[in-house]
1. Kindly list the residues of segment 116-135 that lie in the label zone of residue 59, defined by a backbone N under 19 Å from the point 7 Å along the Cα-to-C-beta vector.
2. Pairs of Cα atoms under 8 Å, at least six residues apart: use those to get the relative contact order of the chain, whole percent.
3. Taking other Cβ within 10 Å of each residue's Cβ, how do 144, 171 sort, fewest first?
4. For a test of the definition: using alpha carbon positions, the gyration tensor, and the 1.5 limit on a/c, classify segment 2-118 as rounded, prolate or oblate.
5. In deg cm²/dmol, rounded to 500, what helix-only [θ] at 222 nm does the chain give when every DSSP H run of at least 4 residues adds -39500 (n - 2.57) and the total is split over its residues?
6. Computed from the coordinates I sent, P(r) over Cα pairs in 10 Å bins from 0, in percent equals one of [x] 8, 32, 34, 21, 5, 0; [y] 8, 34, 40, 16, 2, 0, 0; [z] 7, 28, 32, 23, 10, 1, 0. Tell me the label.
7. By its C-alpha gyration tensor, with a ≥ b ≥ c as the square roots of the eigenvalues, how is segment 122-198 shaped: rounded for a/c under 1.5, else prolate for a/b larger than b/c, else oblate?
8. Identify which of 80, 36, 149 has the largest mean-square fluctuation in a Gaussian network model of the chain, with springs joining Cα atoms closer than 10 Å.
């Protein structure tokens with residue numbers, strides 16, 4: 001993903017992905033505006049350009065399209081910005097009410113100052129079945145394992161895994177990569193790191 005470092009950005013902007021607001025699982029915590037009709041990803045197709053971020057008057061009535069997902073973001077750190085961040089966190093009362101603290105903070109702090117990058121750089125695993133309109137396994141650069149994590153449970157023959165049982169394919173990708181890493185470490189005799197990591201991942205079925 002080195003090409004992300006070449007994304008042109010003003011110094012005080014960030015680049016990220018939009019939030020998916022489909023809420024197809026009908027989570028009770030989601031605002032009523034979180035519907036498939038209001039999701040910026042609904043209209044995308046294979047090879048679509050990253051959706052734009054509405055600003056100013058254009059953002060009126062499109063609040064869901066101004067939200068970003070903090071799973072991946074690109075920024076340029078500098079002292080003045082850092083001081084502004086600290087001031088915002090200390091003084092803005094909205095901070096106390098954030099449901100997703102890091103994400104909600106970034107969306108408010110950089111409101112009108114962020115650019116969307118392609119979905120493939122922060123591909124939520126649920127999009128594989130939520131957004132088949134644009135999803136392509138071969139295009140994924142960075143897979144975002146939201147909610148439950150693949151390393152906490154092995155994938156059985158039935159492929160049923162994840163909090164809704166639909167994530168067998170993407171979780172299996174992680175275990176395949178882990179298997180390759182484990183073989184490489186065994187061949188190179190890295191016993192100490194192998195022992196540490198094996199204690200943190202699910203045991204074989």
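Computed from the coordinates by the stated procedures, all read-outs in this text should not be read as laboratory data. It should be emphasised that the depicted structure is a prediction, and the values quoted were computed from it without experimental measurement. Please note: Cβ atoms are built from the backbone with ideal geometry, for glycine as well, and neighbour counts cover all protein chains shown.
1. 116-117
2. Numbers: 240 pairs, mean separation 43.6, N = 205.
Taking the mean separation of contacting Cα pairs over the length of the chain, I get 21 percent.
3. Values: 144 17, 171 24.
Sorted ascending by nearby Cβ count, the order is 144, 171.
4. Numbers: a/c = 1.93, a/b = 1.19, b/c = 1.63.
Because a/c hits 1.5 or more and a/b fails to exceed b/c, segment 2-118 counts as oblate.
5. Only helices count here, giving -8000 deg cm²/dmol.
6. Looking at P(r) over Cα pairs in 10 Å bins from 0, in percent for this model, the match is [z].
7. Details: a/c = 2.60, a/b = 1.86, b/c = 1.40.
Prolate.
8. Among 80, 36, 149, the largest GNM mean-square fluctuation belongs to 80.
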